[in-house]
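The values are calculated or read from the model by the stated rules, or taken from the named source; none is laboratory data. As the structure is a computational prediction, the values presented were derived from the model and not from experiment. Here Cβ is always computed from backbone atoms with ideal geometry, including for glycine, and neighbour counts include all displayed protein chains. Please note that ligands, DNA and RNA were not included when accessible areas were found on the heavy atoms of the full protein model with its side chains. Shrake-Rupley method; radii C 1.70, N 1.55, O 1.52, S 1.80 Å.
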Amino acid sequence: MDPVIWSKLPQELLEHILCFLPLKTFLSLRSTCKHFNSLVFSPTFITKHSSGSGSGLCSFLLLSHQQFYSHFPLYDTIIGSWRDLALPFSLFPPFGSSQFNLISSSNGLLCFALPSCCSFLVCNMLAKSSRVIELPFFPFSFELLTLVSTPKGYKIFTLCTKFSSNQAFVYDSVVHSWTEHDGYQPLLFENFHQEGAFYDGSLCFTTPEPFSVVCFDLGTGKWGNLNVEMPRELTFVRLVSGVSDRKKLYMLGGIGSNGISRSMRLWELKEGKKWEEMERLPELMCRKFVSVCYHNYEHVYCFWHRGMICVCCHTWPEILYYKVERRSWHWLPKCPWLPDKWSCGFRWFSFVPQLHALA
């Protein structure tokens with residue numbers, strides 16, 4: 001550790017070494033010197049760090065509940081333990097922190113609704129940056145809001161129910177503005193907690209019975225149908241897009257009749273032409289899941305998290321998840337900070353901190 005030797009270390013080699021540090025460790029070094037602190041704002045270093053081995057060490061499942069006002073419980077999926085994330089109110093606008101709801105997440109960014117400010121807030125808690133996005137108009141009743149990361153920023157998709165025929169609105173962080181598009185008929189509001197699944201440039205949604213898949217192209221603003229035959233005897237369906245390049249689309253569904261699921265199965269879309277069955281939920285797990293949601297599937301929602309398909313219920317504090325590589329089903333242990341009397345309002349999100357995610 002001779003300082004004479006280390007002082008001669010080439011700058012690019014030192015930065016390469018720092019790229020492999022976990023984010024938490026690197027951030028603690030920012031106060032060491034001005035150069036380390038400046039690296040946080042260096043696009044070259046951020047790109048290197050996001051592709052280095054250290055970037056994959058932070059991966060959390062985030063629980064949002066109205067009773068957790070100033071913090072979020074986090075489950076570290078790497079080491080299997082619970083942590084606590086304090087909410088940085090300095091990122092919120094004046095009077096915006098009095099009432100807020102976490103409604104979507106993507107690539108290290110969190111999107112909040114701020115009813116008192118008639119706006120949304122997109123923030124990167126790791127980089128301590130945020131942006132207030134004003135609503136297109138007021139009052140603005142939104143559904144199916146989905147935050148989608150793009151190579152140059154992000155987009156926010158939502159449907160507005162103010163009109164007799166719903167309209168779609170898309171916010172683009174590159175141009176900082178909203179665009180209005182035609183909605184889709186019939187209404188897609190069978191599930192109020194499920195976000196769109198981003199697949200091959202489009203957001204995919206399922207319609208109420210008879211079940212089908214419709215797609216909204218974020219580039220053109222046009223709606224289309226995924227003309228693939230659906231499995232028979234479906235009682236409910238949810239879509240999940242997998243892996244970082246969004247080139248895989250999965251579908252979770254119940255099989256049964258008269259709204260009662262006898263089994264739950266998982267399919268993968270193959271070459272955009274066929275739903276191929278991957279796995280079936282073991283019988284005992286299936287019985288537990290359908291019992292906790294009381295066959296009321298409007299409370300069921302799914303999302304992708306680091307190689308896992310997470311299945312949640314708004315009225316149940318646990319997560320059922322499927323590890324794609326291991327092809328195995330598991331239950332996430334209940335958060336130890338949750339009182340037994342809390343029986344609803346459980347909203348889970350994938351949270352993978354990223355320095356380079358720009359708000």
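Per-residue surface analysis assigns Lys162 an accessible area of about 120 Å², computed on protein heavy atoms at 1.4 Å probe radius.
Projected onto their three principal axes, the Cα atoms of region 60-351 cover extents of 51, 45, 33 Å, largest first. Phi angles of region 17-23 translate, via the Karplus equation with coefficients 6.51, -1.76, 1.60 and θ = phi - 60°, into HN-Hα couplings of 5, 5, 4, 8, 7, x, 4 Hz per residue; Gly and Pro are given as x.
Computed from backbone phi with θ = phi - 60° and the Karplus coefficients 6.51, -1.76 and 1.60, the 3J(HN,Hα) list for region 169-184 is 10, 10, 9, 10, 5, 6, 9, 6, 8, 9, 10, 9, 9, 5, x, 10 Hz; x is used for glycine and proline. Think of it as helices only: each DSSP H run of n ≥ 4 in the chain is worth -39500 (n - 2.57), and spread over all residues that comes to -3000 deg cm²/dmol at 222 nm. Computed on protein heavy atoms with a 1.4 Å probe, the accessible areas place Thr207, Thr32, Thr77 in the order Thr32, Thr77, Thr207, largest first. Under 13 Å from the Cβ of Val352, count the other residues' Cβ atoms, weight Lys and Arg +1, Asp and Glu -1, and hand me the total. That works out to 0. For region 265-296, the set of GluC sites (Glu not before Pro) satisfying both a DSSP loop assignment and a count of at most 15 other C-beta atoms within 10 Å is given as Glu271. With a 1.4 Å probe and all protein chains left in place, how much of the accessible area of the chain comes from carbon and sulfur atoms, in whole percent? Of all accessible area on the chain, carbon and sulfur atoms account for 54 percent.
Protein heavy-atom accessible surface, 1.4 Å probe, per residue over the chain: 49 Å². Evaluating 6.51 cos²θ - 1.76 cosθ + 1.60 at θ = phi - 60° for every residue in region 329-336, the Karplus couplings come out as 9, 8, 10, 7, x, 5, 4, x Hz, glycine and proline recorded as x.
Quick one: length gained pulling Gln66 to Leu29 fully straight, 0.36 nm per residue minus the C-alpha distance?
Length gained between Gln66 and Leu29: 9.9 nm.
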